[in-house]
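The values are calculated or read from the model by the stated rules, or taken from the named source; none is laboratory data. Note that the structure is predicted; figures quoted are calculated from it, not measured. Heads up, the Cβs are rebuilt from the backbone with ideal geometry, glycines too, and the neighbour counts pull from every protein chain shown. Heads up: the accessible areas ignore ligands, DNA and RNA and are worked out on the full protein's heavy atoms, side chains in. Shrake-Rupley method; radii C 1.70, N 1.55, O 1.52, S 1.80 Å.
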Amino acid sequence: MPQKPGPKGRVHWQTSEEIEDLILQIRLSKNYGPKRIKLELADFGIEIGEKAARGVIERAGLVKRQRKPKKKSTKPFYAPYPGYRLQVDTKPIAIADGSKQGRKRQQFTAIDIVSTIRYLDAKDGLSNSNSLEFIQEALEFYTAIGIEVECVQTDNHSTFTNLYVGSNKKEDHELRRVHPFTKYLISRNIEHKLSRPATPQHNGFVERSHRTDEEEFYNNPTLPSLTLIELSQAMKKWQDEYNYIRRHSSCNNLAPMEYFNKEWKDRLTHV
């Protein structure tokens, strides 16, 4: 069989081995896609096409082939400006020995769904006092950067509401004591909105950000052995990286804080 024409070795237009190594390092450590890898390398003065980065990832067998589920017809959610809605949720944090005590350590998360700017903290469990302390800290954080929150959305856990505690009868719900979390928001003239029960996709922004935490923050094997104070400090550093450095496609491939300052900060004074 005649040999096919073409170069026998590497040619000038092919990606160098050094750059391929960098692409694979970013993919393995951050799980970034071709577009994000291209932007990351551009920060270091390395120009590479998205197609070339995808080729390197595919040749290394680092592409997950997933069957796409059929999309359900949904109405697009409209959020006009930062502060329109803050989604708040919790995430359990494991400890080194893997015991049930790990359930007592919780990550509390708040995310502005327009700017995707987040506020994080580690608490010693799920309690009314911890949720109240967290929302006070979070609102102070957002006010300091120029975002006035109008609505806070949570799930129906007893950490945030009394509505579904102890009974399913509507008449009983109406007689329940107002939860301290809701009461505090009312005192600040902020709406407390609850997601539909057993529908985590209604809190989709914060749920998606938790997946990013799992892939890029909790992949550090030393985290479970940290004390709660040390973990909280590490979480604040990750919060700053997420808000000030990490690019987001929903923010025009800018970091959330850069996107907010560029696109929204001056405009919010006229909202």
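Worth pointing out:
- Identity of the residue in segment 250-271, in a helix (DSSP H, G or I), open to solvent by 60 Å² or more (accessible area, probe 1.4 Å) and not acidic (Asp, Glu), that ends up modelled with the lowest pLDDT: His270
- Single residue of segment 216-249 satisfying the filter (part of a helix (DSSP H, G or I) and basic (Lys, Arg)) that is least open to solvent (accessible area, probe 1.4 Å): Lys236
- Just one residue in the set Ala96, Ala79 is aliphatic (A, V, I, L, M) and at pLDDT below 70; that residue is Ala96.
- The one condition in (1) touching a Gly at 6+ places or on another chain (Cβ under 9 Å); (2) open to solvent by 10 Å² or more (accessible area, probe 1.4 Å); (3) modelled with pLDDT of 95 or more that Tyr119 fails to fulfil: (1)
- Annotation: of all residues in segment 183-215 being open to solvent by 100 Å² or more (accessible area, probe 1.4 Å) and assigned to a loop (DSSP other than H, G, I, E, B), the one that is modelled with the highest pLDDT is Asn189.
- The set of residues from segment 122-155 being touching a residue at least 40 places away in the same chain (Cβ under 8 Å), of a type in the set (Val, Ile, Thr) and either closer than 16 Å to Lys183 by Cα or assigned to a helix (DSSP H, G or I) (or both) comprises Ile135, Val149, Val152, Thr154.
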